[in-house]
Each structure stands twice: as C-alpha cells, then as structure tokens.
Amino acid sequence: MRARLSIRLLFGVALPVTLLSGGAVAAPSCGTDPVVLNAYFETGFPLPTKLAEEFTRQFPNVTFDIKEDQFANLLENSPRTLSEDDAPDLIRLPTMSDLVANDLLANLDPYFTAFGWDKFPPSQLVQLRVEQGGRPRGSGSLYAMGINYSMTGVFYNKELAAKVGMTEPPKSLAELDAALAKAKEAGVQPIMQWNKATGGLAFPLQNLMGAYGAPEPINDWIFQKEGASIDTPDNLKAAQHLEGWIKAGYFPKDANAIEYFQMMSRFIGGEGLFMFNGDWESGNLDKQAAGKFGFFLMPSVEAGGRHAAMSAPLTFGIAAKAAHADCAAFFLDWVATNPDARKINVEVGGSNPGGPAGLPIPAVTPGSVTEATLAAGQVLAKDNGAMDFIANATGAIFAAAWTPELQKMIGGQQTADGLLKAVQKEYETELSR
C-alpha cells in the first residue's frame, strides 16, 4: 500500500515523496512511466552522454533529449535557457551565483535529505552551495551536484621528456622552468595550449597562482567573499611568471588561433612536451595513445611545498522550471553511487567519481594516465589544495575579462599587472550590478 503526498518546502518548491507501508519514506525516483529528460550538456566532453546511455540501459523507461553547446555559449545562454518554459531537467552549469540570485535553479536541499547526501564528504559539496541571493558561494543551500570531481595539472609526452633529459616529473617550479628551457633549446614545443574562443592560458596561470600562494584567497575571490581581490602580490608573481613563459616563446605562436579540440589533436599527435589541462582527458589519452603520456600536479615554488590545483566538480543543476526534477535528481544520485556509473566515470572521465566516502574507486590499468591522475588527486586532497576555476567567479568574467586580457598578453599587448587590474575591475563592475 502506498500513498502520495507533497511536502511544501522553501520558496514554494514541492518535493513528491512516497510513503511505504510501515511509514518508511522512499527517495524520489524516475518511476515506471516513460520519461524524457531534457538535457543541456557541454560540447566535447563525452562523459555525461555515456552516463546517460548507461542510465537508459538500466532504466529503459527513461531517455534523454540531449543538446550540446560550447562552454562560452553555456555561459551566455544559461540564464535564457533556464527561464524558458521547457527549461532543462539537467544542465551543465558554468557558474551558479547569478542563476541562484534570479531563482533559475532548483534548491537541492530536499534531495540532500532524501538521498542521504550527508554521507558525501562535505568538501565535495562546498563549491555547490550558495547563500540566498546568489552570494557568497561556499555556504548556504545546495544548488548543484558534481557528476565527477576533476582536477587540473600538467600532462607530458614521455618520449619528448626523455629527449630533453626529464627523467621524472619536476618537483619545484625551477625544475619545471629548466625542462621548458631545455625543450626550447632542443627544438621541442615546450607547451601546447589553446587560447582562442576561451582563455586556455587561464589554466597555466591558475596553476602558477597555486604554486606561489595559498588557494584559500583565490577561492574567496571566486566565491565572491566580501573584500576579496584577484590582484594580490602572490598572484602578480604568478602572472609575471606566465608573462615570462610567453616572452620566452614557450607557447605556440598561434595560440590565439588554437581551439581546445585542436590543442588536443596536436598534443596527442606529438606536438608539445607539456599541456596544462584536466584529468577529464585521462581516459581519452589512455585510449588513443596508451603509455605515451604522464601527468603531474603543478609543483610549488620550493620542492616539498603544498600542492594547490584547480579542482572542481563537473557541475550539473536542475532548472527551477524542470518538468522532471525528481528523475534528474535520481540520475545525479545514481551517477555517484551506482558501480557501473562510477566505472564509466573513471574510465571515460578520468576523475574521482565522488560520492560517499566509503565507496571504492574502480580499478584502473597500472601505468595509465588515469592511474596517475587519481594518485595526484589523493595528494591534492591530503594537502587540502583544491581551488575552484577562476573563470567561475561571475557569469561573465571568463568572456568579458580573462579571455580577452590573456589573448592580449600572449599578443604582447598586456602586462601581468595590467591583466590582474583589468580582471578585478570587471569583477567589481559585475558585482555592483
């Protein structure tokens, strides 16, 4: 015997639950009737689609209507898309603060309780919490979930590393500089990096920020904490170091014309000793060029120092207007807890699948890039060095500031000091609106 009822929650959101005989409460699910989940994913990342395919295999009544778009377009279009009557049940979220401020995302606190997400390590969810009104992030209600927990660092070509005498990953920033110089001298492209549609140089820049300073002030800025600034002495040293790499010719001369997918193609093809990127490419590299590449965390200024890296969930939310919010939430819980989903997450996404702390990480091939990235994630966790992405500070900061200013820098038209001041000015302008 079952009875249906709705519990009225904050902001008028009703969460259907099912009472089983004996009074037990069943968590929301997709039910047994046909469901088509409206999904808005990011182009170029196969993991969400692979997970959707497996979900449909396990739950044949649920299919996905998937639309994909580039990250820059997601930044621009998400507010409009979420405000439409056919808003996505699942959406890849580039940023959250403005969307929460405008009541466009569903508050997931009811699902936190219903699915027992309190069993997840709190650190997994802190970046997904937002205070009422949209700021600051890092506390307040839960408005998104991660379908994995990615991390950035440095991929390297093992054959080219041997060519320049690099027998092990650099343990200090000076050792990394030395490897870059040797590559340049040997006629090897030191770094392969994109910088066209979105500022790919933000990846090495933020890695350098983590080498020179602690991650906490950077997170404060991204989370829009009162008085936070990106224009700090430590970040200036990082930006000056990046400027030095540019002047030394360590990046491709055509970096401002290189798209992300072109960078990947050229790196896999053997062009570039290093590439600053995320572990979401680990499975791809293992599949296309097994044994050819390695990975390491950005070293600190001094050997043995604290590691800090961009590390964030691949963030997905549910529209406030979603037609199938319960099913979408059930999918997000399934991704973190189902053994087959977790295996796909590691093999395709190359990242920690997250979820309850007691669940094992699926086994990976010894010596693979994925093994290296997962091991690096454990080091980062030990050092408590995770930072969110500096492009996530506001809805427009990546397109309006980081990308054009980094493009100017690689073109010799912007300085390290000018870069940080221009970004901070845009940040303050956006927060004042």
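The values are calculated or read from the model by the stated rules, or taken from the named source; none is laboratory data. Bear in mind the structure is a predicted one, so any value in this text is a computation, not a measurement. All Cβ positions, glycine included, derive from the backbone under ideal geometry; neighbour counts span all protein chains shown. What goes into the accessible areas is simple: the full protein's heavy atoms, side chains included, and nothing from ligands, DNA or RNA. Shrake-Rupley method; radii C 1.70, N 1.55, O 1.52, S 1.80 Å.
Quick one: which residue in Lys321, Lys425 is closer than 25 Å to Asp89 by Cβ, modelled with pLDDT of 95 or more and out of contact with any His (no Cβ under 6 Å at 6 or more places or on another chain)? Steps first, please.
Numbers: Lys425 fails: closer than 25 Å to Asp89 by Cβ.
Of the residues listed, the single one that is closer than 25 Å to Asp89 by Cβ, modelled with pLDDT of 95 or more and out of contact with any His (no Cβ under 6 Å at 6 or more places or on another chain) is Lys321.
Somewhere in the stretch 307-317, is a residue part of a helix (DSSP H, G or I), in contact with a Pro (Cβ under 9 Å, 6 or more places away or on another chain) and at pLDDT 95 or above?
The answer is no, given that none of the residues of the stretch 307-317 is part of a helix (DSSP H, G or I), in contact with a Pro (Cβ under 9 Å, 6 or more places away or on another chain) and at pLDDT 95 or above.
Sort out for me the helices (runs of 4 or more DSSP H) sitting completely within the stretch 187-285 that have 1 or more residues that are in contact (Cβ under 8 Å) with a residue 40 or more places away in the chain, crowded, with 24+ Cβ neighbours inside 10 Å and polar (S, T, N, Q). I'd like the intermediate steps shown before the answer.
Working: elements: 202-212, 215-222, 233-247, 260-268.
The qualifying helices (runs of 4 or more DSSP H) are 202-212, 233-247.
Restricting attention to the stretch 140-158, which residues are open to solvent by less than 10 Å² (accessible area, probe 1.4 Å) and among the hydroxyl-bearing types (Ser, Thr, Tyr)?
Thr152
Go through Asp85, Asp69, Asp65 for me and flag whichever is open to solvent by less than 40 Å² (accessible area, probe 1.4 Å), touching a residue at least 24 places away in the same chain (Cβ under 8 Å) and more than 19 Å from Arg137 (Cα to Cα).
Values: Asp85 fails: open to solvent by less than 40 Å² (accessible area, probe 1.4 Å); Asp65 fails: open to solvent by less than 40 Å² (accessible area, probe 1.4 Å).
That would be Asp69, the only listed residue that is open to solvent by less than 40 Å² (accessible area, probe 1.4 Å), touching a residue at least 24 places away in the same chain (Cβ under 8 Å) and more than 19 Å from Arg137 (Cα to Cα).
Just checking: which of the helices (runs of 4 or more DSSP H) contained wholly in the stretch 333-415 hold 2 or more residues that are over 26 Å from Tyr111 (Cα atoms)? Steps first, please.
Working: elements: 339-344, 369-383, 403-410.
So the answer is 369-383, 403-410.
Need the failing condition index for Glu131 against (1) at pLDDT 95 or above; (2) over 23 Å from Ala399 (Cβ atoms), just the number.
Status for Glu131: all satisfied but (1).
Please pick out the residue among Ala72, Ala87 that is under 22 Å from Asn392 (Cβ atoms) and more than 21 Å from the chain's Cα centre (by Cα).
Details: Ala72 fails: more than 21 Å from the chain's Cα centre (by Cα).
So the residue among Ala72, Ala87 that is under 22 Å from Asn392 (Cβ atoms) and more than 21 Å from the chain's Cα centre (by Cα) is Ala87.
Return the pair list, or none, for Cβ contacts closer than 8 Å from residues in the stretch 286-309 that are under 18 Å from Thr167 (Cα atoms) to residues that are aromatic (Phe, Trp, Tyr) and open to solvent by 20 Å² or more (accessible area, probe 1.4 Å), at least 6 apart or on different chains.
From the stretch 286-309, the pairs are Phe293/Tyr156; Gly294/Tyr156; Phe295/Tyr156; Phe296/Tyr156.
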